[in-house]
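Report on the structure given below.
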Amino acid sequence: MTLAGAALFVSTPATAITSTVLVLGDSISAGYGVPAGSGWVALLDTAIRTQGTTVVNASISGETTEGGKARLPGLLSEHRPSVVVLELGGNDGLRGFPLAVTRANLERMIADAKASGATVLLLGMRIPPNYGPRYTEGFHALYGELSETHGTALVPFLLEGIAGIPGNMQEDGIHPTTAVQPAILDRVLPALRPLLRP
């Protein structure tokens, strides 16, 4: 997940906006390597705009949980979202950051989002087995544990049924192709829709 800049947009559909979904993620949500408007977050904006909900994509390629933790308070103050979608941790895992640090950062973001009045959807990730099974499985388990402890909505693995399948990933083996962005959205929407304000 290389540093390739940020994808930040706020759509303004004709429908009166009554709520905002803030997506705070890394390159998977920033749309690394796919044409503008083709990433799963852009597709999400199209899918829910008719419900009076707009999407703010504050994802940055290369982002870690530490960076997300630092940026989130300002984003909450500026956009006042009703839902915060957290898609972070993958870069921590790829760099072998201590699991306790990643956990603490995610917990802080969940707490900050909830304190602002937002509901949280946590998007789980998996990483390659480079650091051994104990670290790899411990990393993935973080998401389910945090969701249960803090009462957040959860997608256990964002790229379930996508990662590891030939043709679904870009040449780096980490970032999904344009073709599978709708499939990523299909992983998120069932967990997100119940959180949206009527």
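The values are calculated or read from the model by the stated rules, or taken from the named source; none is laboratory data. The structure displayed is predicted, hence computed values, not measured ones. Here the Cβ is made from the backbone with ideal geometry for all residues, glycine too, and neighbour counts use every protein chain on show.
Would you pick out the residues in segment 53-79 that are within 15 Å of Arg197 (Cβ to Cβ) and either assigned to a helix (DSSP H, G or I) or out of contact with any strand residue (DSSP E or B) (no Cβ under 7 Å at 6 or more places or on another chain) (or both)?
In the first step, residues of segment 53-79 are kept if they are within 15 Å of Arg197 (Cβ to Cβ); the result is 53-55, 79.
Listed by number, the list holds a single entry, His79.
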Scanning segment 143-171 residue by residue, the ones that are of a type in the set (Phe, Trp, Tyr) and in a loop (DSSP other than H, G, I, E, B) total 1
Residue check, Asn130 against (1) modelled with pLDDT under 95; (2) in contact with a Pro (Cβ under 8 Å, 6 or more places away or on another chain), all met but one. Which one? (2)
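Which of the residues belonging to segment 46-97 are of a type in the set (Asp, Glu) and either touching a residue at least 40 places away in the same chain (Cβ under 8 Å) or touching a helix residue (DSSP H, G or I) at 6+ places or on another chain (Cβ under 8 Å) (or both)? So that I can check it myself, show each step before the final result.
Applying the first criterion (of a type in the set (Asp, Glu)) to segment 46-97 yields 63, 66, 78, 87, 92.
Residues satisfying the conditions are Glu63, Glu66, Glu87, Asp92.
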Quick check: anything in segment 139-158 of a type outside the set (Gly, Ala, Ser), modelled with pLDDT of 95 or more and touching an Asp or Glu at 6+ places or on another chain (Cβ under 6 Å)? no
Just one of the numbered conditions (1) part of a helix (DSSP H, G or I); (2) closer than 19 Å to Glu63 by Cα; (3) in contact with a helix residue (DSSP H, G or I) (Cβ under 9 Å, 6 or more places away or on another chain) is not true of Ile174; which one? (1)
Meets criteria (modelled with pLDDT of 95 or more and buried (at least 17 other Cβ atoms within 10 Å of the Cβ)) for Ala183: no
Go over the candidates Arg108, Arg126 one by one and state the one that is crowded, with 17+ Cβ neighbours inside 10 Å, farther than 20 Å from Ile60 by Cβ and in contact (Cβ under 8 Å) with a residue 24 or more places away in the chain. Arg126
